[in-house]
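The values are calculated or read from the model by the stated rules, or taken from the named source; none is laboratory data. It should be emphasised that the depicted structure is a prediction, and the values quoted were computed from it without experimental measurement. Methodologically, a virtual Cβ is constructed for each residue, glycine included, from the backbone with ideal geometry; neighbour enumeration extends over all protein chains shown.
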Amino acid sequence: MPALPQTFAALSDPVRFAMVERLLSEGELSAGELGRGFAISAPAVSQHLGVLRAAGIVKRRARAQQRLYSIEPAGLVSVVDWADQARHFWEAGLDRLERALNREARTP
């Protein structure tokens, strides 16, 4: 499983992020379908998809001459786990701040 920084690096590019969003909303798509709407060449689409595959975010399967791409759910688990830890950290900090402010407000 690729490291979390590699996953974030792969998602940091706007084209790759849009491709992932498209796969999430539309399901399995060919490389050509994923490249539609971007002002990039077919080799650039392939490079972007290669980065997403290396990061474990998408998987590829062959159907005749087509290469079809879909989301690899396990590849996004590390992002979900990281976001959940960050949420818990910030919620705990905000709860402590709220308690401190309430104590301060009650102090004459």
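Among LEU34, LEU101, which is the only one that is within 19 Å of ARG22 (Cα to Cα) and not polar (S, T, N, Q)? LEU34 is the lone residue from the list that is within 19 Å of ARG22 (Cα to Cα) and not polar (S, T, N, Q).
When you check ALA92 against the structure, is it surrounded by 10 or more Cβ atoms within 10 Å (Cβ to Cβ) and hydrophobic (A, V, I, L, M, F, W, C), yes or no? Steps first, please.
Values: surrounded by 10 or more Cβ atoms within 10 Å (Cβ to Cβ): yes; hydrophobic (A, V, I, L, M, F, W, C): yes.
The answer is yes for ALA92.
Here is a yes/no grid of residues against (1) touching a helix residue (DSSP H, G or I) at 6+ places or on another chain (Cβ under 8 Å); (2) among the β-branched types (Val, Ile, Thr):
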site: MET19; (1), (2): yes, no
site: LEU34; (1), (2): yes, no
site: ASP81; (1), (2): no, no
site: ARG96; (1), (2): no, no
site: ALA100; (1), (2): no, no
site: THR107; (1), (2): no, yes
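Just to be sure, is GLU21 assigned to a helix (DSSP H, G or I), over 18 Å from the mean Cα position of the chain (by Cα) and either among the charged types (D, E, K, R) or modelled with pLDDT under 95 (or both)? The answer is no for GLU21. Every condition in (1) on the phi > 0 side of the Ramachandran plot; (2) in contact (Cβ under 8 Å) with a residue 24 or more places away in the chain holds for MET19 except the one numbered (1). For the stretch 53-82, the set of residues classified as loosely packed, with under 10 Cβ neighbours inside 10 Å and either at pLDDT 90 or above or part of a strand (DSSP E or B) (or both) consists of ALA62, ARG63, listed by residue number. Only a single item in (1) without any contact (Cβ under 8 Å) to a residue 40 or more places away in the chain; (2) touching a strand residue (DSSP E or B) at 6+ places or on another chain (Cβ under 9 Å) is not met by PRO43, and it is number (2). Within the stretch 40-71, the residues that satisfy the criterion of being among the aliphatic types (A, V, I, L, M) and closer than 10 Å to ALA10 by Cα are LEU49, VAL51, LEU52, ALA54, ALA55, ILE57.
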